[in-house]
Amino acid sequence: MKYGYFDDTCREYVITKPDTPEPWANYLGSPEYGAIISNQAGGYSFVRSGANGRLLRYRFNSVPADQAGRYIYVRDRESGDYWSGSWQPVGKPLDLYRSECRHGLSYTVISSSYSGISTETLYLVPLGKTYEVWRLKIRNEGGRKRAVSVFGCAEFTNDGNYEQDAVNLQYTQFITRTCFHRNRILQLHNECCRRNADGSNGEERFFGLAGAPVSSWCGDREEFVGPYRSYANPIAVERGDCGNVPNYGGNSAGVLQADLDLEPGEERQLCFVLGAHPDAEADKILSEYEDPRCIETQWEELKDFWEEKLCRFSVHTPDENFNHMVNTWNAYQCFITFIWSRAASFTYCGLRNGLGFRDTVQDIQGILHLVPEMAFERIRLMFSGQTSCGAGLPLIGFHHEPGHVKLPGEPGYDYDPYRADDALWLFPTVAQYIGESGNIRFLDEVIPFADHGEADVYEHLRRAVRFSLEHGGAHGLPVGLYADWNDCLRMGEQGESVFVAFQLYQAMRILLDFARIRKDGDTVSELEEQSRKLRKTLNDVCWQGDRYLRGIRESGEKVGSRDDPEANLWLNPQSWSVISGCADEERARAALETVHQRLNTEYGAVIMDPPYREHAFDGARMRLFLPSVKENGSVFSQAQGWLILAESLMGHGNRAYEYYRECSPAEQNDRAEIRRLEPYVHGQFVEGPQSPHEGRAHVHWLTGTASTVMVACVRGILGLRPTAEGIQIQPAVPSDWKEFTIDKFYRGKRLHITVKNPNGAQGGPVRIVLNGETLPDSLVPFGQLENENELVVTMPGADPAQ
Ligand code: GLC
């Protein structure tokens, strides 16, 4: 079933059928003032921390779902009938009530039309501001005069800490009160012990109205909703009068009512504004919105902000869904993961007090092809989270102070021990950053270590390799430590991880390139020797004829071996044998073929198979999950990105594209009842074939899938691989793509690339003509670029093996 469509002209996803299988969300603002909003206007807001700065209350995982929210009610003062500007919470019958939700880039517009009245509510956080605006336009569509009341409603938390707010009621119900002042409700916290700079008392939040006088107000949730009622039928709305009641303890709310008389065809505009500011500031903020142009200008600014980022890369392929995702939605999701990390969603409550190392270093890759300069600071931050022994700290705290951080094992350290993979993610990220930016001098930049000392980036990278080499097991492969990429896989102190071994091989190859550029002969020979040895071990010890193992436990027992009754084939070692460049052509083909035969499903390839039921070892913590769910054999979507990339690197465009389509949210737009998650957003995983809900996706928005699939599309399928010298172009596309174009902004130059595929190839060596001149190979040297460039890339003759 289909609930909406992509509107490319304005980069919006438009929900036309409001009863979506799940609340479909969007992000507003930034973590300074963040807001999550669903197509039903459900969601919450926070200042700086989703866990500790919560402003609006949201009941996770509750019935009814997706409440509370940013509700606007409309009441007909003649008939007494009432409804909401979003379909929920009132939920009028859908044959009488029309609704549309347009999720755009950091704004959402929800419109309704019912009984001759139409509304349009724009929700946004203006750029750089720490408050949110709900701009309502209400219009009388009929031929007679209408008398209506409008109610804007916000449910405040009593305590910024969402857990305290939810459960510590003997405290939090007695610390706030609300009062009304001119055009706003103020909520005051711990009034008697906080004095503000302006002489007022208490931490203040406000909910105000501009554009019409307040006819009545309510500051108390229970007074507004009424006993044994809900947001579907609040007593104050039913009555048509908020009663002008403040609250004192209990649950505070902000409800403001405006009574309007609308002539036929008349439209009025109101702005509700919500934030955590003292009264005097609230007054100033609200007065700006008395001018209706203010919000229009801010909306334009927001659109320009995003357009400026997204216009730097756009593709026009024969596949519209591919275009929607790569040009807009996957790109936007990459920014959201980059900016918000795993902070707050409808799944994450904001509790993680920092940036996960591997997640963040991976997230960075998703935006590098668009704005490498924006990624720069974050990359440096992550290097300062590397310890002098070369490992990455599993979590970089929000108040990270390089040079002073306690390390795993030291007294005062209060997070997980080292993982085997964290620092190794830096290699592809740095290589891609240098390729996009050309900033090879970054390798010389001196950055402090998390614990003590400092070194240039090149030395940081050398230490990361050394850390993995020093932590080797019986076969000389890196040990798994607390976990590798797979959080659920504990190989033990001496158990070895084949995935990390492939990552290490990739890291060595990247470092070798850097060492050659720096003419560091000693490191070159050392790395040549070490990488040759590692490759040999991986191929001698871990290859089983049609697959690579996943690991070797301390006891010597193999994980992912073909004779295992369960989990005898794992996806990541197969794709990474190719990505790392470790497998030869024949093994790479065989490993990928095994994956296709054994792991592929309609919704992507599962992470391993069969899932654990009876035969899991102690360190296989995924057995905690149901079979075909999460790390226990689901389609763990991030891994699908690596599979697409691996097939692309092999030149298997048809396979790469097949895997892409299986996991592309847009591709399932008309099967939304199965996938359930937003059709414009990647999720963390999709339930596999042993679940009765095969195809159902989970954990929306904040997931590494976004960046991994983006990289797979840009570097893999489209084949654009920037290096220090220029861009390598090597597309691997479905053979029926006869022609497509790519517009790319590259180090200040514009590239207009036309890829021609007259013979229906799916990969292979290309011929490139740059501004009329044929290049000798697939590298477009940066030095040969003009400001504006026309490139024609011709793919080879058809591959007879297709
Ligand atoms: C989650 C974690 C990520 C981990 C993955 C696999 O997505 O955020 O760090 O690599 O699960 O376990």
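The values are calculated or read from the model by the stated rules, or taken from the named source; none is laboratory data. Since the structure is predicted, the reported quantities are computational estimates derived from the model, not experimental observations. Every residue, glycine among them, receives a Cβ derived from its backbone with ideal geometry; neighbour counts consider all protein chains shown. SASA here: full protein model, heavy atoms, side chains in, ligands and nucleic acids out. Shrake-Rupley method; radii C 1.70, N 1.55, O 1.52, S 1.80 Å.
Could you list all residues from the stretch 531-585 that are of a type in the set (S, T, N, Q) and at pLDDT 95 or above?
Within the stretch 531-585, S531, T537, N539, Q544, S561, N568, N572, Q574, S575, S577, S580 meet the criteria.
Looking only at the stretch 370-407, how many residues end up being within 19 Å of the chain's Cα centre (by Cα), more than 16 Å from the ligand (Cβ to nearest atom) and over 21 Å from R441 (Cβ atoms)?
Of the residues in the stretch 370-407, 2 are within 19 Å of the chain's Cα centre (by Cα), more than 16 Å from the ligand (Cβ to nearest atom) and over 21 Å from R441 (Cβ atoms).
Applying the selection to the stretch 430-448, what residues are over 28 Å from the mean Cα position of the chain (by Cα) and either within 16 Å of the ligand (Cβ to nearest atom) or not basic (K, R) (or both)? Show your work before the answer.
Filtering the stretch 430-448 for residues over 28 Å from the mean Cα position of the chain (by Cα) gives 440-441, 443-446, 448.
Hits for the stretch 430-448 are I440, L443, D444, E445, V446, P448.
Hey, can you tell me all the residues within the stretch 576-589 that are out of contact with any strand residue (DSSP E or B) (no Cβ under 9 Å at 6 or more places or on another chain) and part of a helix (DSSP H, G or I)?
Correct list: V578, I579, E585, E586, A588, R589.
Yes or no, residue by residue, for (1) more than 20 Å from R696 (Cβ to Cβ); (2) touching a Pro at 6+ places or on another chain (Cβ under 6 Å); (3) not hydrophobic (A, V, I, L, M, F, W, C):
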residue	(1), (2), (3)
C582	yes, no, no
E585	yes, no, yes
A590	yes, no, no
H596	yes, no, yes
D618	yes, no, yes
G633	no, yes, yes
G651	yes, no, yes
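In the stretch 333-369, how many are within 15 Å of the ligand (Cβ to nearest atom), free of Cβ contacts under 8 Å to residues at least 60 places away in the same chain and farther than 21 Å from P394 by Cα?
0
Tell me which residues, restricted to the stretch 273-306, are of a type in the set (D, E, K, R), in contact (Cβ under 8 Å) with a residue 12 or more places away in the chain and closer than 24 Å to T9 by Cβ.
Listed by number, the residues that qualify are E301, K303.
Looking only at residues that are hydroxyl-bearing (S, T, Y) and open to solvent by 10 Å² or more (accessible area, probe 1.4 Å) in the stretch 56-77, which one is nearest to A343 (Cα to Cα)?
Applying the first criterion (hydroxyl-bearing (S, T, Y)) to the stretch 56-77 yields 58, 62, 71, 73.
Next, only the ones that are open to solvent by 10 Å² or more (accessible area, probe 1.4 Å) stay: 58, 62.
On the way: Y58: 15, S62: 20 Å.
Among residues in the stretch 56-77 that are hydroxyl-bearing (S, T, Y) and open to solvent by 10 Å² or more (accessible area, probe 1.4 Å), the one nearest to A343 (Cα to Cα) is Y58.
Which numbered condition in (1) assigned to a loop (DSSP other than H, G, I, E, B); (2) open to solvent by less than 30 Å² (accessible area, probe 1.4 Å); (3) free of Cβ contacts under 8 Å to residues at least 60 places away in the same chain is the only one that P89 fails?
Against the list (1) assigned to a loop (DSSP other than H, G, I, E, B); (2) open to solvent by less than 30 Å² (accessible area, probe 1.4 Å); (3) free of Cβ contacts under 8 Å to residues at least 60 places away in the same chain, P89 comes up short only on (3).
How many residues does the stretch 234-257 contain that are crowded, with 23+ Cβ neighbours inside 10 Å and in a strand (DSSP E or B)?
6
Looking only at residues in the stretch 500-533 that are aliphatic (A, V, I, L, M) and open to solvent by 10 Å² or more (accessible area, probe 1.4 Å), which one is farthest from A420 (Cα to Cα)? Explain how you work it out, then say what you get.
Within the stretch 500-533, the first condition is being aliphatic (A, V, I, L, M), and the residues that meet it are 500-501, 504, 507-508, 510-512, 515, 517, 524, 527.
Next, from what is left, pick out any that are open to solvent by 10 Å² or more (accessible area, probe 1.4 Å): 510, 512, 517, 524.
On the way: I510: 18, L512: 21, I517: 28, V524: 24 Å.
Going through the qualifying residues, I end up with I517.
How about the stretch 706-756: which strands (runs of 3 or more DSSP E) wholly inside it have at least 3 residues that are open to solvent by 10 Å² or more (accessible area, probe 1.4 Å) and within 20 Å of N771 (Cα to Cα)? Step through it out loud before you land on a result.
Numbers: elements: 720-722, 726-729, 739-746, 749-756.
In the stretch 706-756, 739-746, 749-756 are the strands (runs of 3 or more DSSP E) which contain 3 or more residues that are open to solvent by 10 Å² or more (accessible area, probe 1.4 Å) and within 20 Å of N771 (Cα to Cα).
I'm told S149 meets every condition in (1) surrounded by fewer than 17 Cβ atoms within 10 Å (Cβ to Cβ); (2) in a strand (DSSP E or B) except one. Can you identify the failing condition by its number?
In the conditions (1) surrounded by fewer than 17 Cβ atoms within 10 Å (Cβ to Cβ); (2) in a strand (DSSP E or B), S149 misses (1) alone.
Picking from E614, E694, E662, which residue would you name as being of a type outside the set (K, R), in a helix (DSSP H, G or I) and out of contact with any Lys or Arg (no Cβ under 7 Å at 6 or more places or on another chain)? Spell out how you get there, then give the answer.
Values: E614 fails: in a helix (DSSP H, G or I); E694 fails: in a helix (DSSP H, G or I).
Unique residue meeting the criteria: E662.
Give the residue, chosen from V559, V635, that is over 24 Å from K533 (Cα atoms), in contact (Cβ under 8 Å) with a residue 40 or more places away in the chain and either open to solvent by 50 Å² or more (accessible area, probe 1.4 Å) or touching a helix residue (DSSP H, G or I) at 6+ places or on another chain (Cβ under 9 Å) (or both).
Working: V559 fails: over 24 Å from K533 (Cα atoms).
That would be V635, the only listed residue that is over 24 Å from K533 (Cα atoms), in contact (Cβ under 8 Å) with a residue 40 or more places away in the chain and either open to solvent by 50 Å² or more (accessible area, probe 1.4 Å) or touching a helix residue (DSSP H, G or I) at 6+ places or on another chain (Cβ under 9 Å) (or both).
Is it the case that G143 is more than 26 Å from A236 (Cα to Cα) and more than 30 Å from the chain's Cα centre (by Cα)?
On the way: more than 26 Å from A236 (Cα to Cα): yes; more than 30 Å from the chain's Cα centre (by Cα): yes.
It is true that G143 is more than 26 Å from A236 (Cα to Cα) and more than 30 Å from the chain's Cα centre (by Cα).
For the stretch 462-496, what are the residues that are within 15 Å of the ligand (Cβ to nearest atom) and closer than 30 Å to P722 by Cα? Step through it out loud before you land on a result.
In the first step, residues of the stretch 462-496 are kept if they are within 15 Å of the ligand (Cβ to nearest atom); the result is 480-491.
Scanning the stretch 462-496 gives D484, W485, N486.
If a residue must be open to solvent by 10 Å² or more (accessible area, probe 1.4 Å) and not acidic (D, E), how many such residues does the stretch 110-130 contain? Outline the logic, then answer.
Taking the stretch 110-130 first, the residues open to solvent by 10 Å² or more (accessible area, probe 1.4 Å) are 111, 113-116, 118, 120, 127-130.
The next check asks that each one be not acidic (D, E); those that pass are 111, 113-116, 118, 127-130.
The number of residues fulfilling the criteria is 10.
Please find, within the stretch 602-632, the residue that is farthest from G716 (Cα to Cα) out of those that are open to solvent by less than 10 Å² (accessible area, probe 1.4 Å) and within 13 Å of the ligand (Cβ to nearest atom).
Among those that are open to solvent by less than 10 Å² (accessible area, probe 1.4 Å) and within 13 Å of the ligand (Cβ to nearest atom), it is A620.
Which of the numbered conditions does N26 fail, given that it passes all the others? Conditions: (1) open to solvent by less than 10 Å² (accessible area, probe 1.4 Å); (2) under 30 Å from S115 (Cα atoms); (3) part of a loop (DSSP other than H, G, I, E, B).
(3)
Could you check, for the stretch 284-291, whether at least one of its residues is surrounded by 16 or more Cβ atoms within 10 Å (Cβ to Cβ) and assigned to a loop (DSSP other than H, G, I, E, B)?
yes
Determine if the stretch 697-705 includes at least one residue that is more than 16 Å from the ligand (Cβ to nearest atom) and either of a type in the set (F, W, Y) or over 23 Å from I644 (Cβ atoms) (or both).
Applying the first criterion (more than 16 Å from the ligand (Cβ to nearest atom)) to the stretch 697-705 yields none.
Scanning the stretch 697-705 turns up no residue that is more than 16 Å from the ligand (Cβ to nearest atom) and either of a type in the set (F, W, Y) or over 23 Å from I644 (Cβ atoms) (or both).
Just one of G53, G42, G34 is over 16 Å from the mean Cα position of the chain (by Cα) and surrounded by 24 or more Cβ atoms within 10 Å (Cβ to Cβ); which is it? Step through it out loud before you land on a result.
Working: G53 fails: surrounded by 24 or more Cβ atoms within 10 Å (Cβ to Cβ); G34 fails: over 16 Å from the mean Cα position of the chain (by Cα).
After ruling out the rest, the residue left standing is G42.
Are any residues in the stretch 767-782 open to solvent by 40 Å² or more (accessible area, probe 1.4 Å) and over 14 Å from L751 (Cβ atoms), and if so, which ones?
Result: R767, G772, E773, T774, P776, D777.
Would you be able to tell me the number of residues in the stretch 371-382 that are crowded, with 24+ Cβ neighbours inside 10 Å and either without any contact (Cβ under 8 Å) to a residue 12 or more places away in the chain or not in a helix (DSSP H, G or I) (or both)?
Matching residues across the stretch 371-382 total 0.
Checking the condition of a type in the set (A, V, I, L, M, F, W, C), outside any helix (DSSP H, G or I) and surrounded by fewer than 24 Cβ atoms within 10 Å (Cβ to Cβ), which residue from V681, V699 passes?
Values: V681 fails: surrounded by fewer than 24 Cβ atoms within 10 Å (Cβ to Cβ).
Every option except V699 fails the conditions.
Cβ contacts < 9 Å: first residue free of Cβ contacts under 8 Å to residues at least 24 places away in the same chain, restricted to the stretch 525-553; second residue of a type in the set (S, T, Y), any location; separation 6+ or different chain. Result?
As it stands, the answer is Q544/S561, since those pairs meet every condition given.
Exactly one condition in (1) more than 16 Å from the ligand (Cβ to nearest atom); (2) on the phi > 0 side of the Ramachandran plot is false for D451; which is it?
Going through (1) more than 16 Å from the ligand (Cβ to nearest atom); (2) on the phi > 0 side of the Ramachandran plot one by one, D451 breaks only (2).
Return the residue satisfying two criteria in turn: it lies in the stretch 152-188 and is of a type in the set (G, A, S) and under 15 Å from N52 (Cβ atoms), and of such residues it is most open to solvent (accessible area, probe 1.4 Å). Spell out how you get there, then give the answer.
Pass one, the stretch 152-188, residues of a type in the set (G, A, S): 152, 154, 160, 166.
Those left that are additionally under 15 Å from N52 (Cβ atoms): 160, 166.
Values: G160: 14, A166: 65 Å².
Within the stretch 152-188, the match that is most open to solvent (accessible area, probe 1.4 Å) is A166.
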